[in-house]
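The block underneath contains the structure these notes are about, expressed in structure tokens.
The values are calculated or read from the model by the stated rules, or taken from the named source; none is laboratory data. Since the model is a prediction, treat every value here as computed from it, not as a measurement. In this analysis, Cβ positions are derived from the backbone assuming ideal geometry, glycine residues included, and neighbour counts consider all displayed protein chains. Side chains are part of the model used for accessible areas, which takes the heavy atoms of the whole protein and leaves out ligands, DNA and RNA. Shrake-Rupley method; radii C 1.70, N 1.55, O 1.52, S 1.80 Å.
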Amino acid sequence: MSLLLGSHLPLSAPSYFLGTARLAKAYGESAAMFYTGAPQNTLRVPLSKMMIEEGSALMDEGGIPPSSRLVHAPYIVNLANRSDPDKLKRMETFLLEEMDRAFSFGSSLLVLHPGSHLGAGEEEGTRNLLLSLEETLRKESPVVIALETMAGKGGELASTLEGMKKIIEGFSRPERLAVCLDTCHLFDAGYDVSDLPGLKGEIERTIGLHRVKAIHLNDSKNPRGSHKDRHANIGQGYIGFDALCAWAHDPDFASVPKILETPYFEGKAPYKKEIEMLRNSSYDPDFLKKL
């Protein structure tokens, strides 16, 4: 199986999903992730304008099947705090709508940040999240929610694997949940992502490797345990190329799409170069200058 590597791509006017597919092809991707609209609000362009059929055809042609197309829910969705019941209800309804939209693009996986307890404490935040998930996922859907591991800033839930385990075990229908590992978040939360065999053992002990359905492959601008969540380009941060390349090639994650969320360099997307380096297991320290 070829490496499932892609990036977080824009979905914007005028070509929408067709434009997303064109970028994926230009970057040499075999996986892709995108929002279905702006991440900072709930405004959404009608699906009829999204050029989904044309984009899907181009992704099929380029070797990105629906199983490797991921949708990311907007960061504004916070189900871990119930201080504003009306806002929470709107977010629950919006999440259901995003699940439907994701499936319209052919995706069966929606990546979701577990949210922040905003000072209420992890226990209460976890309880709040579970209440909202129980309410939202009562509706049958082919879309699975992939909860993302977080760095631990600002009261974020799931900054530890044990915390993620509590969420999954506390949910009445755990088959509706999956996990998205983020290497930068894990590293910033204190995990040694360069010790992949050891970390996989910890993942298996807590959440189970079978639950990992997506990986965000990012370097970190800050030292391990910093709880900062600032992504760096591949090989340009504290994690380093060798460790991230090991993740890309690990056989236990062969069927898991790996998505780059690394920063642009001087206005240019780095993904084509980063994907080439990871595929070839060969690092060019000057690759950003060659974009």
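Entry remark, segment 141-166: residues being open to solvent by 60 Å² or more (accessible area, probe 1.4 Å) and modelled with pLDDT of 95 or more number 3 in total.
Name the single residue that is nearest to E92 (Cα to Cα) among those in segment 115-126 being open to solvent by 70 Å² or more (accessible area, probe 1.4 Å) and free of Cβ contacts under 8 Å to residues at least 12 places away in the same chain. Result: E124.
For first residues located in segment 44-62 and free of Cβ contacts under 8 Å to residues at least 40 places away in the same chain, partners that are surrounded by fewer than 19 Cβ atoms within 10 Å (Cβ to Cβ) and of a type in the set (S, T, Y) and lie 6+ apart or on another chain with Cβ distances below 7 Å form the pairs M51/S15.
Out of P114, P66, I need the residue that is within 24 Å of T262 (Cβ to Cβ) and of a type outside the set (S, T, Y). Which one? I'd like the intermediate steps shown before the answer.
Working: P66 fails: within 24 Å of T262 (Cβ to Cβ).
After applying the criteria, what remains is P114.
Residues in segment 182-216 that are of a type outside the set (D, E, K, R), more than 17 Å from A248 (Cβ to Cβ), free of Cβ contacts under 8 Å to residues at least 24 places away in the same chain and in a helix (DSSP H, G or I): 3 in all.
What do you reckon, is S104 in contact (Cβ under 8 Å) with a residue 24 or more places away in the chain and either under 27 Å from E140 (Cα atoms) or open to solvent by 50 Å² or more (accessible area, probe 1.4 Å) (or both)? It would help to see each step written out before you state the result.
Numbers: in contact (Cβ under 8 Å) with a residue 24 or more places away in the chain: yes; either under 27 Å from E140 (Cα atoms) or open to solvent by 50 Å² or more (accessible area, probe 1.4 Å) (or both): yes.
It is true that S104 is in contact (Cβ under 8 Å) with a residue 24 or more places away in the chain and either under 27 Å from E140 (Cα atoms) or open to solvent by 50 Å² or more (accessible area, probe 1.4 Å) (or both).
Taken over segment 257-276, the criterion of being crowded, with 20+ Cβ neighbours inside 10 Å and touching a residue at least 24 places away in the same chain (Cβ under 8 Å) is satisfied by P257, K258, I259, L260, T262, P270, Y271, E274, I275. Screening the candidates E92, E134, E98 for the property of being touching a residue at least 60 places away in the same chain (Cβ under 8 Å) and open to solvent by less than 70 Å² (accessible area, probe 1.4 Å) yields one hit, E98. Counting only residues that are more than 18 Å from V179 (Cβ to Cβ) and within 17 Å of the chain's Cα centre (by Cα), segment 117-144 holds 0 of them. Of all residues in segment 70-87, those that are open to solvent by less than 10 Å² (accessible area, probe 1.4 Å), free of Cβ contacts under 8 Å to residues at least 60 places away in the same chain and touching a helix residue (DSSP H, G or I) at 6+ places or on another chain (Cβ under 7 Å) total 4. Residues of segment 251-291 that are within 21 Å of the chain's Cα centre (by Cα), of a type outside the set (A, V, I, L, M, F, W, C) and outside any loop (DSSP other than H, G, I, E, B): P251, D252, K258, Y271, K272, K273, E274, E276, R279.
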